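Read through the structure below, which is laid out as structure tokens, and then see the notes.
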Amino acid sequence: MASTIVNMDRCGVAWFKMDESTGNLVDSKGNFVGTNFGTTSVPGVSGNARNFNGSSSYITFNNPVIPLGKKSVRFRIKKASRPAVAQVVWGNAVDATIRNGIYCSVEPAGHLAIAVLDARGWSDLNINLGSGIDICDNEWHDVLFTWDGTTNVEGARFFVDDMVNPKSRKTAKRNETAAPGFNLTIGKNPEANSNFLLATLDGLEVYNDVISNQPDRSVIFKDSHYFKFFPGFMEWRAVGNFLTKSILDQHGVMTPEEWTEDVSTHRFNSTSSYSSGAGKVFVTPVTSAIPTKSIHVQ
């Protein structure tokens, strides 16, 4: 999918990488503060992660963090066993009878659940989504929740590992208008010392829009070279002199005949000699089988 850096540049709210060796969580995007209560730093998917002991460790923030309306929340989780009772992964409200907000939990069957609350009770949750698969297998799982903030058909979607095909999707019953009941908490019920999480988390990303969940695969041709945009370095880099199958497999479409689009200008994110100029963009066409995969041009 499009990189975190690209998505954060477009609509990021908060990015907690959890790479700290100890102490509070640092927000790499905004100014939120995650105060640590007993979580420990352990090796993660990339860099460090945070381990929650299931009985007393959690992290609290100075703000609800999760925006109203349009949103995306992404995180990685590793959990070894199913819980006897639901364990809260993160949330800013839990009591559906009197609270507004959102929370994510691991349920006793081992699947993840997302609930968007608007104080109408458990029988009338605004959004209620389940992952549909048991994630308690001591493996890392990549999780993404998105909602377009409307009551459009199936505007809320829940992805686990496969970022193209959602595990579940729902139509929200109502728009979200009321502020959450509490500040964001990771690792327990934000309203009480209960439902502690026994798991390891690596990163928490929060956005105020539906982020791109499609691969960022594109190639441009300039100065007799084919270039790929590398978001991690914020620049275009040459990937070869000839448009080979290997280059297209890794970075672009299978064949340039599928669809080409001429463009007149690009601004390259680089201090190299490739600072500006024209090129040709190769992108995958929109079909029923292959969702949009558009080039990322700064």
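No other residue among Ala113, Ala86, Ala119 is more than 25 Å from Ala49 (Cα to Cα), in contact with a strand residue (DSSP E or B) (Cβ under 8 Å, 6 or more places away or on another chain) and small (Gly, Ala, Ser) apart from Ala119. Count of segment 133-163 residues, restricted to those that are under 17 Å from Leu198 (Cβ atoms) and in a loop (DSSP other than H, G, I, E, B), is 6.
Taken together, the criteria place Thr60 among residues that are surrounded by 15 or more Cβ atoms within 10 Å (Cβ to Cβ), under 20 Å from Val88 (Cα atoms) and either outside the structural domain of Leu201 (by TED's automatic domain parsing) or not aromatic (Phe, Trp, Tyr) (or both). When the criteria are applied in full, Asn183 meets the requirement of being surrounded by fewer than 23 Cβ atoms within 10 Å (Cβ to Cβ), among the polar types (S, T, N, Q) and modelled with pLDDT of 95 or more.
Conditions (1) assigned by TED's automatic domain parsing to the domain that holds Gly54; (2) on the phi > 0 side of the Ramachandran plot; (3) among the hydrophobic types (A, V, I, L, M, F, W, C); (4) surrounded by 22 or more Cβ atoms within 10 Å (Cβ to Cβ), marked per residue:
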site: Lys70; (1), (2), (3), (4): yes, no, no, no
site: Val106; (1), (2), (3), (4): yes, no, yes, yes
site: Leu117; (1), (2), (3), (4): yes, no, yes, yes
site: Glu154; (1), (2), (3), (4): yes, yes, no, no
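For segment 188-199, the set of residues classified as touching a Lys or Arg at 6+ places or on another chain (Cβ under 8 Å) and buried (at least 16 other Cβ atoms within 10 Å of the Cβ) consists of Glu191, Asn195, Phe196, Leu197, Leu198, Ala199, listed by residue number.
Go through Thr4, Thr35 for me and flag whichever is at pLDDT below 95 and either crowded, with 20+ Cβ neighbours inside 10 Å or farther than 20 Å from Arg74 by Cβ (or both).
It is Thr4.
In the condition set (1) among the aliphatic types (A, V, I, L, M); (2) part of a strand (DSSP E or B); (3) touching a residue at least 60 places away in the same chain (Cβ under 8 Å), Ile66 is compliant with all but (2). Can you find a residue in segment 78-93 that is basic (Lys, Arg), surrounded by 22 or more Cβ atoms within 10 Å (Cβ to Cβ) and not in a strand (DSSP E or B)? Yes. Among the conditions (1) touching a Pro at 6+ places or on another chain (Cβ under 9 Å); (2) more than 20 Å from Leu204 (Cα to Cα); (3) without any contact (Cβ under 8 Å) to a residue 60 or more places away in the chain; (4) of a type outside the set (A, V, I, L, M), the only one that Gly132 does not satisfy is (1).
The values are calculated or read from the model by the stated rules, or taken from the named source; none is laboratory data. The shown structure was predicted, so the numbers you read here are calculated from the model rather than taken from an experiment. FYI the Cβ positions are ideal-geometry reconstructions off the backbone, even for glycines, and counts take in every protein chain you see.
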